[in-house]
Amino acid sequence: MAYVINPGAILQVTLDFTVNGQLNMALFHYVFQTGTAIADGKAAALDFISKIEVADELVPRFLDCISDEVLDLKVRAQWIWPARFRFVPSPTPPAAGGSLNAPLPSNVAAAITKYAETADRHGLGTLHIGGVPVTFVQDSLITVGGLIAYDALGDKMSSVYVLTTGQAMAPVLYRRGNPALSPVIIEANPQSTSRVSRRRTVGVGA
């Protein structure tokens, strides 16, 4: 049954994949910024997925940032605010990473910093990306090749996508405490150093 989505609603896009038995998830959020009400929320979510899976858009650029030994990247979208609806999986089969190199250990990540217009704590966020190819890090620094890949992804992280039915979807820094005030992302840039993340491993991997 179709459900209506009104302006101001937020769509969450999840990219998940496994590195050395560890689940990795990357979350992206978009606000329904302009346009008339969406008559079919599920169809709109599928349409949005199709937009970001096109060559040189968000998903292919993300795949360029991870090892080709990652074989199971899956994409799904879900309207999460002001009402939460069931997630919509991509009809495309799971994808493989695009870098022809082995991944570093699963707790090693690269970071892309996201910026809103406001210079306060709500106007700044970071995306951590696992599955880092070994050639992307040297002496804890991101190599030139890695910076090129992460920078290209950062460009897409600040892109506005327009649905086939005309609604504009703008990327935001999601504020869980007050989603209506989630600021729009205007820029996203990779950090020059790699990160080592602490992970909970109970029930996730070996």
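Key figures for this structure:
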| quantity | calculated |
| --- | --- |
| Test: Ala55 is closer than 28 Å to Val137 by Cβ, touching a helix residue (DSSP H, G or I) at 6+ places or on another chain (Cβ under 9 Å) and surrounded by fewer than 17 Cβ atoms within 10 Å (Cβ to Cβ) | no |
| Cross-chain or 6+ apart pairs with Cβ under 8 Å, the range 187-206 first and closer than 18 Å to Gly131 by Cβ, then at pLDDT below 60 and in a strand (DSSP E or B) | none |
| Residue match in the range 84-96 (condition: within 21 Å of Tyr161 (Cβ to Cβ), among the hydrophobic types (A, V, I, L, M, F, W, C) and buried (at least 17 other Cβ atoms within 10 Å of the Cβ)) | yes |
| Residue in the range 84-91 that is out of contact with any His (no Cβ under 7 Å at 6 or more places or on another chain), aliphatic (A, V, I, L, M) and more than 21 Å from Ser182 (Cβ to Cβ) present | no |
| Scan of the range 137-160 for residues that are farther than 16 Å from Lys114 by Cβ and either of a type in the set (A, V, I, L, M) or in contact (Cβ under 8 Å) with a residue 40 or more places away in the chain (or both), ordered by number | Val137, Ser140, Leu141, Ile142, Val144, Gly146, Leu147, Ile148, Ala149 |
| Counted residues, the range 11-57 - those being polar (S, T, N, Q), over 17 Å from Val75 (Cβ atoms) and modelled with pLDDT of 95 or more | 3 |
| Hey, Leu153 under 16 Å from the mean Cα position of the chain (by Cα), buried (at least 16 other Cβ atoms within 10 Å of the Cβ) and among the aliphatic types (A, V, I, L, M) or not | yes |
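The values are calculated or read from the model by the stated rules, or taken from the named source; none is laboratory data. Since the structure is predicted, the reported quantities are computational estimates derived from the model, not experimental observations. Heads up, the Cβs are rebuilt from the backbone with ideal geometry, glycines too, and the neighbour counts pull from every protein chain shown.
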